[in-house]
Amino acid sequence: MDITRGATLDDVRLDAIDLSGRDLTDTRFLECALTDCLLDDATLTGARLVDTDWDDVRASAVSLKNASILGGTWTDLRAGALTAPGASVARLSIVGGRIDHLSLRGAKVDGLYLDGVTIGDLDLAGATVTRLRTRGTTIRRLDASEARLKNVDLRGIDLAEVEGAAGLRGATVSTAQLHGLAGGMAAALGIKLG
């Protein structure tokens, strides 16, 4: 199947397709499914993904800058860098898999569920995030600088490091997480620990 920039795919199943290096800017995926696909260095700037599921998708890097992701489940995604700055994300579940760098910088997120995912760096700097739930997820580093959070539950995350701890206002964390975050929060408030 030839998928080109700006195309509209409606209720299409893509199995074992290599979309590496493709410019899929402004492409619309409506109720589609990508299974066992390769998206290395694919560009989906401004793309619209509506109720579109990904299963066992692999990508060294994929750009979803300013994309709209409205519904769907991404299962066992393996990505080096998945960058979606300025994106609009709603009702998305990411289940299993590994993402080395996930950027939602400046994005608007309303309904994101992370279940059993391993994320190296999660960039939420400047993002507006409502209704984020987590379970069994590991995040090495979270950047919450200037984030605006509401109904965000981080208790299901094994979190190693936070930058911009003041941006966690509006989040729920466990007591154990709070102990781990104390140094960063004190620094954000200008408190010296001695």
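Taking Cβ atoms as reference points and 14 Å as the exclusive limit, the residues near Arg28 contribute a net charge of -3, counting Lys and Arg as +1 and Asp and Glu as -1. The residues of the stretch 21-150 expose on average 38 square angstrom of accessible surface per residue, using a 1.4 Å probe on protein heavy atoms. Sort the stretch 50-93 into rounded, prolate or oblate with this rule: let a ≥ b ≥ c be the square roots of the eigenvalues of the Cα gyration tensor; rounded if a/c is under 1.5, and if a/c is not under 1.5, prolate when a/b is larger than b/c, oblate otherwise. Here the stretch 50-93 falls in the oblate category. Phi-derived couplings, Karplus 6.51 cos²θ - 1.76 cosθ + 1.60 at θ = phi - 60°, listed residue by residue for the stretch 129-142: 10, 10, 6, 10, 10, 9, 7, x, 10, 10, 10, 5, 9, 10 Hz, with x used for Gly and Pro. Per-residue 3J(HN,Hα) values for the stretch 14-20, derived from phi via the Karplus relation 6.51 cos²θ - 1.76 cosθ + 1.60 with θ = phi - 60°, read 10, 10, 6, 9, 9, 10, 4 Hz in sequence order (x marks Gly and Pro). Amide H contacts of Gly116: Gly96, Arg135, Gly136, Thr137, each under 5 Å away and 5 or more positions distant or on a separate chain (H built 1.01 Å from N in the peptide plane; Pro and chain starts excluded). What is the local net charge at Gly86, summed over the other residues whose Cβ is closer than 10 Å to its Cβ (Lys, Arg +1; Asp, Glu -1)? That sum, taken over residues with Cβ under 10 Å, equals +3.
Dipole check for the stretch 91-194: with +1 at the C-beta of Lys and Arg, -1 at the C-beta of Asp and Glu, and the Cα centre as origin, the magnitude is about 320 Debye.
Normalised by the number of residues in the stretch 74-194, the average gap of Cα pairs under 8 Å and 6 or more apart makes the relative contact order 16 percent.
Ignoring ligands, DNA and RNA, please state the percent of accessible area on the chain from carbon and sulfur, probe 1.4 Å.
Taking all protein chains in place, the chain shows 48 percent carbon and sulfur surface.
For Val162, the residues 5 or more places off, or on other chains, whose built amide H falls under 5 Å of its own are Leu142. Applied to the stretch 167-180, the Karplus parametrisation 6.51 cos²θ - 1.76 cosθ + 1.60 on θ = phi - 60° returns per-residue 3J(HN,Hα) values of x, 7, 3, x, 9, 9, 10, 7, 4, 4, 5, 4, 4, x Hz, with x for Gly and Pro. Under 5 Å from the amide H of Asp100 lie the amide H atoms of Ala79, Gly80, Gly120, each residue being 5 or more positions distant or on a separate chain, with H modelled from the backbone and absent for Pro and chain starts. Of the two radii for the chain, the radius of gyration is 1.01 times the Kirkwood radius, both from the alpha carbons; that is the Rg over Rh value.
The values are calculated or read from the model by the stated rules, or taken from the named source; none is laboratory data. Computed from a prediction, not measured in an experiment: that's the story for all the values here. When we count neighbours, we look across all protein chains shown, and the Cβ atoms used for this are built from the backbone with ideal geometry, even at glycine. Note: areas computed on protein heavy atoms with side chains; ligands, DNA, RNA excluded. Shrake-Rupley method; radii C 1.70, N 1.55, O 1.52, S 1.80 Å.
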